[in-house]
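The values are calculated or read from the model by the stated rules, or taken from the named source; none is laboratory data. A quick note: this is a predicted structure, and the numbers were derived from the prediction, not measured. All Cβ positions, even for glycine, are placed from backbone atoms using ideal geometry, and neighbour counts span all protein chains on display. Surface accessibility is based on the protein's heavy atoms, side chains included, excluding ligands, DNA and RNA. Shrake-Rupley method; radii C 1.70, N 1.55, O 1.52, S 1.80 Å.
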Amino acid sequence: MSDLSPEDVALLEAQVPVGLLMPVDETMRLVHVTHGVVEEHIGVSAESVTTTDGLVFWFDAGAGNRTVNRMATLNLLAASDFSARTVPLLRGAALVTGEHAGHPAGLTQHQMKVLRREPGPAWWVGWVLHVRVERDRPAPPDLKRPAGCWHAYLSSPQENSAATISAAPRPRSPMPAVDPVLATMNTAVR
């Protein structure tokens, strides 16, 4: 229990139904599961993924370009049949609860044990998820480049006149003159 905060310990001692909240800062804390817990921590547009062990991962699918929640994604990977290549990248805060009659419920002892599973060799899972998160990250606006060399040529002049001019064919430079002395030296050495 040394990893638990005093608030987490108080919730466990009160023996109230608890869920696991994972903000994007890669921390975890217990929350009391009540009627409006999902709306309170995730929002009204929350969606969920349910594992075969009855764990429900609540997240906001309309989170836009929020940061990938690595902690929540790793926990979903450990508790589900997804592989490191197919696990959905959860964004923003995530809440893990049990489920009863379609509504959030407290986590059972079995479900808490499921969350302690390792998703596979840690180095491999970490590497695959790192690559997926980096590929998923949008490039900063100043580093975005056209998809291909003809993008600027095909774009309208009003959209990007500088790119249209730079995409025009370049004249070929004349071939450098060959020095006759160097040419004979190269053939003499062979």
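A few notes on this one:
- Residues in the range 83-102 that are out of contact with any Ser or Thr (no Cβ under 9 Å at 6 or more places or on another chain) and farther than 13 Å from Leu20 by Cα: Ser83, Ala84, Arg85, Thr86, His100, Ala101, Gly102.
- Helices (runs of 4 or more DSSP H) completely within the range 1-107 that count 2 or more residues being in contact (Cβ under 8 Å) with a residue 24 or more places away in the chain and either surrounded by 15 or more Cβ atoms within 10 Å (Cβ to Cβ) or within 17 Å of the chain's Cα centre (by Cα) (or both): 37-41, 70-79
- For the range 115-131, a tally of residues being open to solvent by 80 Å² or more (accessible area, probe 1.4 Å) and modelled with pLDDT of 70 or more returns 4.
- Taking the range 1-23 as the range and being touching a helix residue (DSSP H, G or I) at 6+ places or on another chain (Cβ under 8 Å) and farther than 10 Å from Thr97 by Cα as the test, the residues that pass are Met1, Leu4, Met22.
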